[in-house]
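Here is the structure we will look at, set down as structure tokens.
The values are calculated or read from the model by the stated rules, or taken from the named source; none is laboratory data. This structure is a prediction, so every number in the text was calculated from the model and none was measured. Note: ideal-geometry Cβ built from the backbone for every residue, glycine included; neighbour counts use all protein chains shown. The area values use the complete protein model at the heavy-atom level, side chains included, leaving out ligands, DNA and RNA. Shrake-Rupley method; radii C 1.70, N 1.55, O 1.52, S 1.80 Å.
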Amino acid sequence: MKVIVTGGAGFIGSAVARYIIENTIDEVLVIDKLTYAGNLESLNDVWTNERFSFKQIDICDRQALDNIILSYTPDIIMHLAAESHVDRSIDNPSSFIETNIIGTYTLLESSLAYWRKLDKIRQSTFRFHHISTDEVYGDLHGTTDLFTEKTPYSPSSPYSASKASSDHLVRAWHRTFGLPTVITNCSNNYGPYHFPEKLIPLMILNALEGKPLPVYGNGQQIRDWLYVEDHARALYLVATKAKVGENYNIGGHNERKNIDVVNLICELLEEFVPNKPNNIQFYKDLITYVTDRPGHDQRYAIDSSKIYQDLEWKPKETFESGMRKTVHWYLNNKIWCEHIKDGSYVRLRQGIIN
Ligand code: NAD
């Protein structure tokens, strides 16, 4: 099969590209605008594979999308391109509206035009897989409930509202125009190649430099963590095996308070890197509580029983095993981190694509 992965230079998209190239005989075309979050060095493992290709494209550019989709003739489009950082959506929501809503609309229109030209057999096997977040369901504060596929949408931030919007568009393009879509809503991912502005890599890298570890509010916010490679495996399963029109929640059954996540990182670093910078005694001494994010949701937690039952998917990593792998990865991939920190990943990618 031929699979287009939008946003494949990002954290999860690059894991999906690696998963498909390393575990299947399918071909992958990554299309990505290469915003600050897109990093071609995250695709190093697959870049020279003959089944892999890359095009720099903005999903809001209809003409460019039509050209690439018509010439590549994909069997599956896995749509991960998005603005994804909640704090940035609070500071400046416009790119979230542009990419997550208008971009998804543009990709849907281009995919529909392509799908309508396919013969009946290819029409029936084609899939448009929209990758979304559990944040569309809002806050689970004050309850032990879990998000199911039937939980009503109640997004809190500009990011989650834009993702909720895109989910509704995808459903409408299936229901109204017959485009064969599937949607997945996943909990917080963690693992290799995570951009250092996000909680887990930020804490690892700050701690290694002896910098403060900023924890929002009282650190009691709960997230359900999933190792990114478990997510990539689930996504490929849904894209290739799920019935048209289905949606699946994907989670790790790993509810953790943010402060417990930070404490675990500090404990792992005590074990792996006992020689600390700046004469600090314990990594935990670097924890600093900072003003909470406005509208911060207290708890997200996913009920993944539907994907367990229908597609027999289960995460392979526990939170502890996944975190050990993640901390090891950041310790062993300092160049990838350095190139983001000094901005050279942007110059390097310009050299590769020009
Ligand atoms: P990311 O920010 O790491 O990567 C996003 C990628 O999309 C980047 O490579 C970026 O260059 C690209 N992109 C942005 N705007 C684009 C545009 N207009 N056209 C083409 N490409 C564009 O994000 P991520 O963490 O890998 O998330 C991927 C998807 O998964 C997103 O849709 C996100 O909502 C969803 N998701 C993420 C998580 C998580 O924990 N990270 C959890 C659930 C769902």
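Quick notes
- Applying the criterion of at least 3 residues that are under 27 Å from PRO294 (Cα atoms) to the strands (runs of 3 or more DSSP E) found wholly in the stretch 218-257 leaves 222-227, 255-257.
- Restricting attention to the stretch 1-53, the residues that are away from the ligand (no atom under 11 Å from the Cβ), part of a strand (DSSP E or B) and open to solvent by 10 Å² or more (accessible area, probe 1.4 Å) total 4.
- Sole residue being free of Cβ contacts under 8 Å to residues at least 60 places away in the same chain and not charged (D, E, K, R), chosen from ASN254, ASN278, ASN258, ASN249: ASN258
- Just one of the listed residues (ARG88, ARG116, ARG122) is open to solvent by 20 Å² or more (accessible area, probe 1.4 Å) and either within 23 Å of TYR236 (Cα to Cα) or in a strand (DSSP E or B) (or both), and it is ARG122.
- Only one of ILE121, ILE90 that is within 16 Å of the ligand (Cβ to nearest atom) and β-branched (Val, Ile, Thr): ILE90
- Total residues in the stretch 170-197 satisfying the condition of being among the hydrophobic types (A, V, I, L, M, F, W, C) and either assigned to a helix (DSSP H, G or I) or open to solvent by 10 Å² or more (accessible area, probe 1.4 Å) (or both): the figure is 5.
- Any chance ILE69 is in contact (Cβ under 8 Å) with a residue 24 or more places away in the chain, within 15 Å of the ligand (Cβ to nearest atom) and closer than 13 Å to ALA17 by Cα: no
- Whichever residue in the stretch 272-300 is more than 29 Å from the chain's Cα centre (by Cα) and part of a helix (DSSP H, G or I) and, among such residues, is modelled with the highest pLDDT: ASP285
- Comparison of GLU135, GLU209 shows that the only residue that is touching a residue at least 40 places away in the same chain (Cβ under 8 Å) and more than 10 Å from the ligand (Cβ to nearest atom) is GLU209.
- Residue match in the stretch 326-344 (condition: at pLDDT below 95, open to solvent by less than 80 Å² (accessible area, probe 1.4 Å) and either among the hydroxyl-bearing types (Ser, Thr, Tyr) or under 25 Å from SER156 (Cβ atoms) (or both)): yes
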